[in-house]
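Taking it in order: structure first as structure tokens, then the write-up.
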């Protein structure tokens, strides 16, 4: 594969089924949870199977900035040694566009005795964090986000407080996870309660709870929207991280689209991450259902939306309003870029995405025209639209290096399956 990556990368449709074995990278979601919990735990924790990417590198760097020892003995391991307490950093935490790290550390910073500024890049400064800040303030924590987005300034007093905290999780389940993970460092029990029934991808809260319990937390689920967390703190542990289900969706889709077979070394039902739900949907291609609810597999929606362009019938994606506040407005990005491939291929209807579908799109494989896909600095837009290049000639992905956020080896993986790519001519 090309190194370094060029500004634009053009794919050549392979013209044959993709067959092989691929080991997806470790789960970004679980890696960032485990890194934080290891930093909040007293002792040394060894995290194996971890993802090393832009997002997890930013999390690890922030933890080092707060006094943690974070060693990397090999490509998939972190060894974290901590006293169990984060320390005041010497400068603002610069977290790029890493949403998990930004939300999680905003809550965790409240346990520090001192002032912490949690910040990100220009994209992160457009992503909402006001519900989480409001929840922290209700616990008596001095937190301010003047624009409702990062930067957030937290004046901590060394404790997460105690009592009941209510959170509107309609925009992101990460707000709930952030509160839950910080809660064991409270002065007494903390109840985390949803203010409504809406929550983005509830399965990610289950990931959080499982990780917390592995590090010794005691959490009781009171009802469907309330959890009580005891002030136990955390203990160091060795923790194995499963492969990334969101990354697996590209492989499942590549196999479905080309009629191939890609062995991931792990059955779909062995994943605990919510995006694994996508496999059952992808397996129905080219007869995907007319309506797909993406609310509980949000990061898989771009993958399935590109696959839907080749489906036998149109597909409407519902329950995806949260995609507007991801790394970019993914609903708009998907519609815009699908229409670059063929005008009228997609449209937005409120917060729904409708993909018109055209099973004859694959006949464009030999065309000479080039479709330049804008990726909006969003790894999932880049990886998803690369799938279109498996069937359509001339698909060019701009800023291909943005996949480094969660899947640095993505292009090498495709090359290993026999896909030819070249710099834009």
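Since every read-out is calculated from the coordinates, none of them should be taken as a lab result. The structure displayed is predicted, hence computed values, not measured ones. Here the Cβ is made from the backbone with ideal geometry for all residues, glycine too, and neighbour counts use every protein chain on show.
Brief remarks on what is shown
- Using a Förster distance of 51 Å, the FRET efficiency for residue 222-residue 261 (Cβ separation, nearest 0.05): 0.65
- Residue order for 357, 42, fewest other beta carbons within 10 angstrom first, comes to 42, 357.
- Label of the coordinate-derived value, Cα extents along the principal axes in Å, listed as [x] 65, 45, 37; [y] 60, 47, 32; [z] 67, 48, 45: [x]
- Shape call, the stretch 259-341: gyration tensor on alpha carbons, a/c limit 1.5: oblate
- Shown for 222, 341: other C-beta atoms within 10 Å of each C-beta, ranked fewest to most, produce the order 222, 341.
- Computed log10 I(q)/I(0) for the stretch 162-302 at 0.18, 0.22 Å⁻¹: -1.02, -1.27, from the Debye equation with unit scatterers placed on every C-alpha and solvent omitted.
- Of interest is the spacing of the C-alpha centroids, which for the stretch 91-151 and the stretch 245-298 amounts to 33 Å.
- Net length gained if the chain between residue 91 and residue 370 were fully extended (0.36 nm per residue, minus Cα distance): 95.9 nm
- A helix-only calculation puts the chain at -8500 deg cm²/dmol for mean residue ellipticity at 222 nm, using -39500 (n - 2.57) for each DSSP H run of at least four residues, averaged over all residues.
- For the stretch 372-415: rounded, prolate or oblate by the Cα gyration tensor [a/c cutoff 1.5]: oblate
- Length gained on full extension, residue 146 to residue 291, computed as 0.36 nm times the residue gap minus the Cα-Cα distance: 48.3 nm.
- Fewest-first ordering of 69, 3 by other beta carbons within 10 Å of each residue's beta carbon gives 3, 69.
- Chain lengthening between residue 349 and residue 138 when straightened (0.36 nm per residue, less Cα-Cα): 72.3 nm
- C-alpha center-to-center spacing [the stretch 175-189, the stretch 14-41] in angstrom: 26
- Cα gyration tensor, the stretch 28-240 - rounded (a/c under 1.5), prolate or oblate: rounded
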